[in-house]
Structures are given as C-alpha cells and as structure tokens.
Protein chains: 6
Amino acid sequence: MRPSKRDLNEMRAVSIETGFTKHAEGSCLIKMGDTHVLCTASLEPRVPPFIKGSGLGWVTAEYGMLPRATNTRMRREAASGKQGGRTVEIQRLIGRALRAGVDRVALGERQITIDCDVLQADGGTRCAAITGGWVALRLAVNKLMKAGDVKIDPLMDPVSAISCGIYAGQPVLDLDYPEDSEAGVDGNFIMTGSGKLIEVQMSAEGSIFSRDQMNQLMDLAEKGTSELAALQKAACA
Amino acid sequence: MRPSKRDLNEMRAVSIETGFTKHAEGSCLIKMGDTHVLCTASLEPRVPPFIKGSGLGWVTAEYGMLPRATNTRMRREAASGKQGGRTVEIQRLIGRALRAGVDRVALGERQITIDCDVLQADGGTRCAAITGGWVALRLAVNKLMKAGDVKIDPLMDPVSAISCGIYAGQPVLDLDYPEDSEAGVDGNFIMTGSGKLIEVQMSAEGSIFSRDQMNQLMDLAEKGTSELAALQKAACA
Amino acid sequence: MRPSKRDLNEMRAVSIETGFTKHAEGSCLIKMGDTHVLCTASLEPRVPPFIKGSGLGWVTAEYGMLPRATNTRMRREAASGKQGGRTVEIQRLIGRALRAGVDRVALGERQITIDCDVLQADGGTRCAAITGGWVALRLAVNKLMKAGDVKIDPLMDPVSAISCGIYAGQPVLDLDYPEDSEAGVDGNFIMTGSGKLIEVQMSAEGSIFSRDQMNQLMDLAEKGTSELAALQKAACA
Amino acid sequence: MRPSKRDLNEMRAVSIETGFTKHAEGSCLIKMGDTHVLCTASLEPRVPPFIKGSGLGWVTAEYGMLPRATNTRMRREAASGKQGGRTVEIQRLIGRALRAGVDRVALGERQITIDCDVLQADGGTRCAAITGGWVALRLAVNKLMKAGDVKIDPLMDPVSAISCGIYAGQPVLDLDYPEDSEAGVDGNFIMTGSGKLIEVQMSAEGSIFSRDQMNQLMDLAEKGTSELAALQKAACA
Amino acid sequence: MRPSKRDLNEMRAVSIETGFTKHAEGSCLIKMGDTHVLCTASLEPRVPPFIKGSGLGWVTAEYGMLPRATNTRMRREAASGKQGGRTVEIQRLIGRALRAGVDRVALGERQITIDCDVLQADGGTRCAAITGGWVALRLAVNKLMKAGDVKIDPLMDPVSAISCGIYAGQPVLDLDYPEDSEAGVDGNFIMTGSGKLIEVQMSAEGSIFSRDQMNQLMDLAEKGTSELAALQKAACA
Amino acid sequence: MRPSKRDLNEMRAVSIETGFTKHAEGSCLIKMGDTHVLCTASLEPRVPPFIKGSGLGWVTAEYGMLPRATNTRMRREAASGKQGGRTVEIQRLIGRALRAGVDRVALGERQITIDCDVLQADGGTRCAAITGGWVALRLAVNKLMKAGDVKIDPLMDPVSAISCGIYAGQPVLDLDYPEDSEAGVDGNFIMTGSGKLIEVQMSAEGSIFSRDQMNQLMDLAEKGTSELAALQKAACA
C-alpha cells in the first residue's frame, strides 16, 4: 500500500560509511534509502561569546542542500544571498538535538560544528542529518579522548531521529518523498538509544489529529530510533 | 513555588483588545501577563505563485519584536539586514498553525497576512501571537463574509497555543520568562477549540524527558487551550 | 475646509501615555490624532568608537513602521533585508534633533538609544516620534539623576516637532495623511520649548514657494511646538 | 577670518565643464573650489511603476563618492554591500530638488536618471551635485527637444543649491570642509534662478539658532544661488 | 622530489564515477587524487533574457565548496550571505570553458546548468570541476539526443583542464595542495581533446616568469589534457 | 580594416595625468583612447590579518565603474547591494598583478590600496586600470621614500597590461569596445618593463584557438607593454 511496498512500520535500508572525507575530525555519508547526507564534525577553536570562560563545551550544526539534490534544481543559497527559512529551521533543530545528548562539562570549553550537506534528497533529510551527525560527532570525540584532551566521555547515548506520519489514513514509519508530500500529519522524533525523548515535532497543515494518532506515531518512532541506535553503534565500533 | 505564585496549572491573566489599530481588516492587542503582542490581519491581492488559479486561499504570518520589547535592547532586525533564525522559525510556525484551521476552499483565492509584533515580551510570545493572530484572522474573515465575498465560513474552530514545560522538576502551564529560561523541557502546543492537535513541539536542551512527562504536559496544554478558546470566542462576539 | 474640519492653526488632539512598556528606562505611547508611535529609551553600555574616552555622551535613534500601520500593508523591512531610504532619513533626523537638546558633557560617556515604532500612521509620524522620543529620553535621564549617575541635568528645554504645509493654497498646522498627500509644500519644524530652532526642513515636490510663505509656516510652527512643549512637561511631571 | 580668506558672502571659484563624458545624454564636471563632482544624465526606458500610463515623466538621482575623494579613504559602498544613510539621504534630496523644477507633463512619460559621483570632496558636495545635475539634465532635455521628442521645454528655471552656515559666530556663504566641520549651524538652500524656494534644510547639532539667524542665512543663499544660476545658463549656452 | 613522489609530468590518479546522483540529467563524482568534486547537469526551462528568442542554447555553471572540504573549516557561503570573490571567479571560468566546447545552435534554445560542488579539496578543484562538469554535460546531452529533442550533437570534442606550475624551480603537471601553496607560478590550461586551446591563465604572485617557462608549462598541459580526454570518453562510453 | 583605422599592432593614444585628485598619496587619470580610468593610491594603517607581524607589505586593489561610464546605464553596484562577478574578478586581477611587481620586504609592513574607477569605458578598462594603478602606486611609494619611511625602492620595474585578440581573423593589439564585442579570442597580458610575464589570460567563448595564434598575441603584447612602460616612466619623472 505504500509506494515503496514497505510495511507500515518498516524503515528504508540504512547505511553509514564513516571516514567519507579525510580532513574532518569525524565524517560519514549516511544513506536512508535515496536520501544521502554527508556529515562532518569540525573541532573549532572559537567558542560562542556567551560561554567564554564557563568551562562548558558547545555543539552546533549547519545544514545545506546541493542545488540538484532534489528533483528539480533549487537556487543555490550562497548565490541567493541567504539561507532560506527551512534551512535555518532545520539547522537549529540539528544543533539542539545533538547538544541535548552531550555532557557539556565533560566536553570542556571547545566547539564542534556539525555540517550536514544533502547530496541527494528523497524525504527525511533532517532525520538523516541528525542520525549521521551524531556519528560524525562520536568519531570526533573519540579522537579527542584518544589524544587525552577529554577524559570523561561526553556522549552517553546515541541520538537519532526518524519521521513518522499519517499517510493515506495510516500511521507509517520513515516517510520518503512521495509519502511526505501527501501526508496529512508529519512528525519528527528525536530520541536517545535508551528510548528517552529529546525533541518531538508534529505538525498538520490543512488537517488536524487526535491524541490517539499522536500515540501511534510515538510507538513507531520508538521502534525506528532503537533500530537506528544499533546501526550508529555498529558504524562507530 | 512558581516565581509568579501561580498554581502549576494556572495560566497568566489574558486580555484581548480587538480593533487596536484602524487600518487592518482585523486587529487585536493580546496580553498574556506581561507579554503583549499586536496582531493585525491584512487582506492582500497577491496570492503565492504556487496556488495561482487553484481557487484555494492562503494564510501566512510574519513575526517581529520591537528592539526594546525585552529586558536588554536587541538589535533591530531591519537594521542588521536580516531576520534572525528564531524569528524565521516562529513566523513559519504561526503561518502553519493558522492555515491548519482554515478551510482554504471556502476562503477562496485570496491571501490574508497576519503580522504579529511583540511590543513587550515576558515568555510565550509565539503562543500569544498564534492565539491573537487567530482573533485578527477571525475579524478579517467576518468582514469578508459580511461583504458577501465569502459565503461559507472558512474558520471552523478557534486555534490557540500555549507553552508548557518542566520547571523545577514539575510540569507547569504557561511559562513566563523567568520559568522559560530555567526550564529543562519546553513545549508549545497548538490546538483547536474542540481539543484536536495542530502542532506539538517539545524540546529539551541539555536534558531529556520521558513519554510520561510528555503526557503530563499534554494534559496541561488541553486545559490551557480550552480556556484560551473561550476567551477568543468572547473577544470576537 | 480641512478634511478634519480643524482650523488652519489647530493641531490634532495629542495624548502621551508614559510607561507604556516596562523594560525600557523610559517609554511612552504618543498619539497625535490617529498617528500612534511607541517610543522607548534604552540606556546602553557601548558608546560609538569616535567618542570613546572623550567623556561625552551620545543619543541616537531608530525608527520603524509596523507593516500594517498604514492603509495598505507595506513590506516588512526586516524581511526585505534593509531599511528603506525614507526610514534611514527619518531616524537620522530624530537622532540629530534630540542630540541638539542634550548637554553631552553633563550626560557623561553613555549612550541612550531612542526607538520610535509607528503602530498606526496618519501623517506626521516623524514629528510624533521626535516629540514622544524626547519624553522617553526625559524619563530615562530622570532615572539616571535619581540614581546619582548624572549630577547636572543634561536636558535643558523640551524638543518637539510639528509639520506645517500649504494645503489647498492655505498654510495649515499639523498635516494629517489626507492633507500631507495633497500638500504642495511640506515642512517639518523642530524647536525647543523656548522657541529656538533646531532643524527646519521645507520641501516642494513639483511646486515652489516664496519666502513669505516660508515665514507663514514658521509662525504656525512656533504656535504648535509651544503647545507640544507644554504637553511634554505635563506628561513628565 | 575664514580659513580660505574669502569674504563672508563670497562663494568659491566655480567652473562647469560640459560634455565631460561621451556616452551620457548630458554630462558635466562641476568644480566648486576643491569639490569636484561628475554629473551625468541618462535617458532611460523604464518608468517607475506608480506613474506607468500616466503620461508624466520622472527624474531621479543617485549619488556616490569615490573611496579616496576624501582626506582618508572611506570604504567603497559597493564592497560593504549597501549605501550608507548619508548617501541615501543625499540622493533622495537631489532627486526631489531636480524634480521640483521640471514640468512633468511637458517631459512626457520617460525617465531621466542623474548620477552624481564625487571625484574629490571639500565640503558642499550635495549642493554641487544639484547644481551640476541640473546642467546635465538641461543638456539631456535639449537633446530630446532637438530630436522633436519633447515639444514644450519642461525646464523653466535653473535649479541650484548652496550651503550657508554659522561659522565662528558669523553667517557665511558656501562652507568648505574646514568650515563645515566646525560650523554650529549648517543649511542647504535649493532655489530657482528667479529666487523661489524649492527646499530649505537647516540643522543644528549640539547648538540651536534663532529665527533672525535663519533669515541671515536665507539672504546669503539668495545671493549664492542667483550667481550659480548665471553660471549654469552660461555653461549650457 | 615532489611531495607525492610523482614524476614532474605525472598526473594524480583520476577516477570518474558517473550517475552519482539520481535526479540530475547528468552527474559524476570526479576524483583527481584527494580532490573530489560532485558535478551535476540540470536541464532548465528558463533561458537568460539576452538570448530569448535567438534559438541559441546556454550553458552556465555554479561552484561551491563544502565548509569542511578543506583542512580547516571555512565559513559556509550561504551563511555569510554571499559567494566569495574566488568562488565567483571560478564559476565564471567553468561556465566560459564549457560553453566554448558547445555548438549553441545545435543545442537549441535551452539552458543546462552545471553545479560543481567540492566534497574534498587537495588542489586543482577548478580543473577537476571543468573536467567532471563536461562529463555531466555530455550525459545530459546524450539524454536530449536519445529523446530526439536535439538532432545534431552540440558537443564536438571533450573539454578538460589541468593545472601546471613552477614548483621548486621545476615545471610540474597537476599541482596538489602542498605544491600549489608553494608554487611561484601557477597556471590553468583548458583544452579540447584535439589539443586546441580554450582558456589559458598563468599567474605569478610575488614572482615573474619568462616566455620559455610559459612554453614548458604549455607542453605539460598538452600531455595532461590529452590523458584527461581519454578518461572522459571512457567514462561516458 | 579595424573600425578605428588603426594598424593591427597599433595602440590607441595614451595619456597619463598625474595628481588628478589632491587627497590621495598618489593619483592619475589614465586615458587609453576613450577609456578613462581614475586611479588613486591610499596608504592605509591596517594590514590584512594574515601578514600581521610578518614585516611584509601588502598592495590590494578595488575596481568600479560609474553607472554611465558605458553606452547604456548600468545599475550602480552600491545600490544593487553587491559587486558583480566581473567586478570582483577584475579587482582581484589588478591586485595580484601589482603585488607581483612589489618587493614586499622593502615596502615594509604597510598596505597600499589602489582604487581604479572607470569614468568612461571603451574596452580594455582592466588593462588601463593596471597601467594607471602602477603609476599611482609609484607616486605613493615616492612619497614614502622621500619621507624616509621606506629605504630601498620596492618597485623594480613598471607593471603594465594590454589586451590583444583575434578580430576578424587577425591578431590585433589593444582592442577597443567595438572590436572586443566581436573578437573570437581575447587575451590580457600583464608584463614588466623588461619583458617578463606576470599574468596571461586568454579566453575563447564559442571559439577555440591554436598555440600558434597564442604566440602571435604574445608578440603583440610584448610590443604594447614595452610602449606603455616608457609612458609610465615619463609620467612619473
């Protein structure tokens, strides 16, 4: 019944190729079906002014899409002179999500910037970015720990994200683009490997939903993020 | 136990003064405690290109804060040359929320722009903007119906929004600024007068939360938005 | 003969509500007829570089209009990415005017920023902004003096402003929008409470005027600003 | 007593070299002492939207300063990404001033853009720009009339501008930079060849002035602009 | 003697993986050693205004670098609000180079945009972009011909580019980053498969060079581009 | 056969008027036929961050065109909010070219900015800018040496530039606008007075060229720049 023939609670095939680029302190190419996102973690000297001298660390994120990552070419944001509203919203979400899984005292006063660039898009790019971004972050932190710059592991539990929605009247896991563009309700769920919640965003445009439906989507999200957490751990092993 | 001495499930005093400005097709000044937002609805001739000729209407929103709406003066966005990420994120939320409560076929091919400008801020500005924005929208639609331009009422149920969060370990309704800046978990709930969900956003920065806590906040939000819906109806009567 | 039935030398009803917002060091909502401007004074730590270490104070101003302050909605300047030419010109005028009435030695090396935001426009917004801006400035300076941070009062004489013009061949005081859009000659006069001149701007677009007419407008302006000065004093008492 | 040894009512040496560039429909290099401004008039096909179809013409102006026109190099506005407030204010003034001397019905539905670029600055650049800009405009209109595109001369009377101010307690004509930077009161007067007023701007920063002083400056301005009108006519002959 | 141990006239290993992304009409990932560039060709409906109605086609290019393509993270151009000077210069070069190899009459009135995004940089990114960009273009044109939209092949001869320079006093082929940052003279040579020249850019910063040296670099470039042309043909076969 | 009747290897008449503006440390107006460029050299206190403390000097350049320097008015770059791609490319070229002729150790840790503003354009503006820019630089350095701030002359050999191209099938020297807009191949050659190469840029749009043709253009360029070097020396004597 789904365009991809998947079961209602079935994720797309996921692969995570670590070390995709050589300069970054951590990097991976994550593929969730036909959605491909390159994630890099950069250790940076400058800390945001508001935490200078606090001893606390910072994790932030930036997000971009190559112009032809999508079905029709979009205007390059660098050429149009600003990041669009959707881009800004997504990169703020990625940063908040990853920070929530970091012990900023243990990280110490340093900044790690996660760049998530979509090479090919087919729905769920923000979720792939968070899931892959955590892997890049994990690899960069491993390097810091190996070098003895960080003593206590600041990353307790993997952070991953999955979209769920009501498609054709049914709650489904991991919407691809054809589903996403038709779905009446669309949610993004960011969770830890142990099933705690970091961020929940459910939204209806031109439709409304009940608390029951919300709970059905939550159930699917728990299944999806627990599978993703296992894949993240395997990729970083 | 709350800084304002309110009960855990007690909203701030809310007032809605309609007709606050004379040019707009609909307008109100909404006060939720010390958060004051001026909302105007403007009927506009141009429809976004992607719905031209479709016969469908459109509702969109813009959000701003006066530089000294806050405790320390913020830089004026018009002077700094762009809207900040927070502003963009909020105005997209307001637009999505209000559109979800509109029958766009009944509205017909016309656009209504809701401007929400914060004159004074004390937490919860986006929720006040949505709640007041709906009132401005309602008044503008009333005008269209009176003039016979719209025959079937495109606004079924009031749309309102309230924030809830975990403050000092307790779930509380309608966070003010002192609570908001300390809260571990912070959510915004947008609901219809009849208790249906339009958008749910719960977010933890440097903290995580359980599904139980999520349900407690949902309960508070249902209480809050049902009270707001009654106030909206009274204001538009 | 005037659309508003006022006498040629009659101002609109003026009201000044002080303390309109709670965060600013000084604030008021000034209404000149249907023109409503919210003025706030913010004491700011940073002084412009060119007076650093000079011991002199600085007063500056910013001006804005809410998108639907006018009869048809104007584009939000923050969204369009820059302040328009008219805005820039007006805020420079407000800053110059208010500075001219300040003893910058007595003020000491600190900056006060006056924000003037038009909530509703019906002609004469820049004059209302100057008149109300002075009130906000007065209240902020009172606070500094009460705290003992400033010993000698740096504000000698109220500064106020009024527009005059040739409408339907007659010199009239305090143009409202219907008159302003028809007037052949339009002037803004900024004066002190004791009748001295701070700035005079008279301009003709598509028309020219004689020195005689200029003197008639000056006479009206003297009447208007002396009335405004009395209202300013009463509001700050 | 003046740094330049000029009499109080003596202008700087003025020269106007027409045809300074070959592409423009009209052009001149105007020198007022060490202030040198290149003015060009460009006949343009596009009319501003608000007069389309009205049959009326439009004259507009743009102003710029080369980075090293001044004593110390200023940042290039094209590189800094926007025109500064002073630039915007000046070019709006030039446009208004020149338009006031044009019969827009006689001009017909076409636009002439006057570019005023300061090659070397020594005070009074906006006045030189208006005076030279009118010459460029006159030459462009002559071309239109010669070609038969315009039948009735839309330029009745030359438009010129001069600055006057209170320097060292004395009213002086045509301030140069050393005077301008010291003057307590500074005015720009735009007049027609027959002595009518187009725009008057008098401004005091940190000082105030009396109506008597205003009249003294007006007297000087009448002398100055009548001399400039004679020079303009000679240059265009 | 070269850091990479290559012979003076030896290129880095080159691989071209076609079809790297699924949405574009043509795409490849080109690797020249550690320089990896993703090139996509997008067939676009809009033609630039200056060729509208001419029947001629257009090929244009955009270039970008992911923030962590380099050794230290660079600021994201979309976030800084504009494309840097180096970016603009490079993308103009790519566009000119590819257009020179196109029969624009045979292409017909359509536009193809080549996006070249550097995933990992190690010197020579603009040359890799041109070489890979031509492959993407070739694939897109193949599709047009297969569909019968284009009858005569508009791509006569492959276009490729290689850098050569004087490193440690010796002319070398295909500079990598360590060589590039030390080279006294640095040139980019764009040639056709049959050895004709399209663009030559040789530049010395803080050094100068003789016509003899120029000829030695030309010899190397001829060798390099003829090898690249063979690889391009093989990739598109 | 050339539109201007010049011989194939004949430059346009060149004149260099030094001291054209009074504020700059060095300045000239260079005319190459109808191409007129005002060049100024500004000694500036700030050194770019990457050479701070190195003891090395820096020379940089900015380029601009007045809006009506060309046959039809171009949009003012300051008004459009950014420098176009062509402008950026040209000013980077001028800076590189002039730096290549400077002994940066002898110059010492100071910056000289060369502004090149085109007052009138008729082809070859970048070459005129480099040639005139070197004269302005020479004059500014003379001043530094006279004052004893620089002991060893950092300018060894004049730097000049000339364009050559294939016009109507023939190699010609110093293209004017009518030739430039028709030329199949177009090159800019920057050379020292003693015939060494600094930068070579040859480009074909919609055409290709042989190594033989490249050599013919090189021969012309050697003739042109040796003539320009003699004129530069005479102007600075």
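The values are calculated or read from the model by the stated rules, or taken from the named source; none is laboratory data. Since the model is a prediction, treat every value here as computed from it, not as a measurement. Ideal geometry is used to build each Cβ from the backbone, glycine not excepted, and the neighbour counts take in all protein chains shown. The area values use the complete protein model at the heavy-atom level, side chains included, leaving out ligands, DNA and RNA. Shrake-Rupley method; radii C 1.70, N 1.55, O 1.52, S 1.80 Å.
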_Counted residues, the range F:41-61 - those being facing chain D (nearest Cβ under 7 Å) and open to solvent by 10 Å² or more (accessible area, probe 1.4 Å)_ = 1
*Test for F:A221: is it crowded, with 17+ Cβ neighbours inside 10 Å and modelled with pLDDT of 95 or more*: yes
*With respect to F:L93, determine if the residue is touching a residue at least 40 places away in the same chain (Cβ under 8 Å) and either part of a helix (DSSP H, G or I) or in contact with a His (Cβ under 8 Å, 6 or more places away or on another chain) (or both).*
yes
*Report yes if some residue within the range D:223-236 is assigned to a strand (DSSP E or B) and within 15 Å of the chain's Cα centre (by Cα); otherwise report no.*
no
*For residues that are open to solvent by less than 20 Å² (accessible area, probe 1.4 Å) and among the aliphatic types (A, V, I, L, M), scanning just the range D:196-218, find the one that is farthest from the other protein chains (Cβ to nearest Cβ).*
D:L217
*May I ask you to list the residues in the range D:105-126 that are in a loop (DSSP other than H, G, I, E, B) and surrounded by fewer than 21 Cβ atoms within 10 Å (Cβ to Cβ)?*
D:G108, D:E109, D:R110
*In the range C:17-36, the residues that are closer than 22 Å to B:T72 by Cβ and within 14 Å of the chain's Cα centre (by Cα)*: C:S27, C:C28, C:L29
*Filtered residues of the range F:101-125 (kept if among the hydrophobic types (A, V, I, L, M, F, W, C) and either within 28 Å of D:Y63 (Cβ to Cβ) or in contact with a Gly (Cβ under 6 Å, 6 or more places away or on another chain) (or both))*: F:L107, F:I112, F:I114, F:C116, F:V118, F:L119, F:A121
*Name the residues in the range C:177-195 that are surrounded by fewer than 16 Cβ atoms within 10 Å (Cβ to Cβ) and under 22 Å from C:L107 (Cα atoms), would you?*
C:S194
*If F:G64 satisfies every condition in (1) in a loop (DSSP other than H, G, I, E, B); (2) buried (at least 20 other Cβ atoms within 10 Å of the Cβ) but one, which is the exception?*
(1)
_Just to be sure I understand, how many residues within the range B:1-27 are open to solvent by 60 Å² or more (accessible area, probe 1.4 Å) and either modelled with pLDDT of 95 or more or of a type in the set (S, T, N, Q) (or both)?_
9
*Breaking point among (1) surrounded by fewer than 15 Cβ atoms within 10 Å (Cβ to Cβ); (2) touching a Gly at 6+ places or on another chain (Cβ under 8 Å), for A:R76*: (1)
*Here is a list of conditions, (1) within 14 Å of chain E (Cβ to nearest Cβ); (2) at pLDDT 95 or above; (3) in contact with a Phe, Trp or Tyr (Cβ under 9 Å, 6 or more places away or on another chain), and A:Q83 meets all of them except one; can you say which number that is?*
(2)
*Please go through the range A:190-216 and pick out each residue that is outside any strand (DSSP E or B) and either of a type in the set (D, E) or in contact (Cβ under 8 Å) with a residue 12 or more places away in the chain (or both).*
A:G193, A:S194, A:G195, A:K196, A:E205, A:G206, A:S207, A:D212, A:Q213, A:M214, A:Q216
*Within the range C:72-79, is there a residue that is outside any loop (DSSP other than H, G, I, E, B), within 11 Å of chain B (Cβ to nearest Cβ), over 24 Å from B:H23 (Cβ atoms) and at pLDDT below 95?*
no
*Go through the range A:89-104 residue by residue and tally those that are crowded, with 23+ Cβ neighbours inside 10 Å and within 13 Å of chain E (Cβ to nearest Cβ).*
2
*So F:V47 fits all but one of (1) touching a residue at least 12 places away in the same chain (Cβ under 8 Å); (2) out of contact with any His (no Cβ under 9 Å at 6 or more places or on another chain); (3) outside any loop (DSSP other than H, G, I, E, B); what number is the exception?*
(3)
*Test D:M156 against the stated conditions and say whether it is under 18 Å from D:L197 (Cα atoms) and surrounded by fewer than 21 Cβ atoms within 10 Å (Cβ to Cβ).*
yes
_For E:A129: the one exception among (1) away from chain F (no Cβ under 14 Å); (2) among the aliphatic types (A, V, I, L, M); (3) open to solvent by 10 Å² or more (accessible area, probe 1.4 Å)_ = (3)
*With (1) more than 14 Å from chain D (Cβ to nearest Cβ); (2) within 18 Å of F:L155 (Cα to Cα); (3) modelled with pLDDT of 95 or more as the list, and F:R110 as the residue in question, which single condition is left unmet?*
(1)
*Looking at D:D174, D:D149, which is the one that is buried (at least 16 other Cβ atoms within 10 Å of the Cβ) and acidic (D, E)?*
D:D174
_Residue under question is F:R138, and the condition is that it be away from every other protein chain (no Cβ under 13 Å) and either outside any loop (DSSP other than H, G, I, E, B) or crowded, with 22+ Cβ neighbours inside 10 Å (or both); does it hold?_
yes
*asked:* Just to be sure before I move on: is F:G64 facing chain D (nearest Cβ under 10 Å) and at pLDDT 95 or above in the structure I sent?
replied: yes
*Taking A:I162, is it open to solvent by less than 30 Å² (accessible area, probe 1.4 Å), more than 13 Å from every other protein chain (Cβ to nearest Cβ) and of a type in the set (V, I, T)?*
yes
*Please go through the range D:28-48 and pick out each residue that is at pLDDT 95 or above and acidic (D, E).*
D:D34
*Within the range F:122-162, can you find the residues that are in contact with a Phe, Trp or Tyr (Cβ under 7 Å, 6 or more places away or on another chain) and at negative phi?*
F:D122, F:A129, F:P158, F:V159, F:S160, F:A161, F:I162
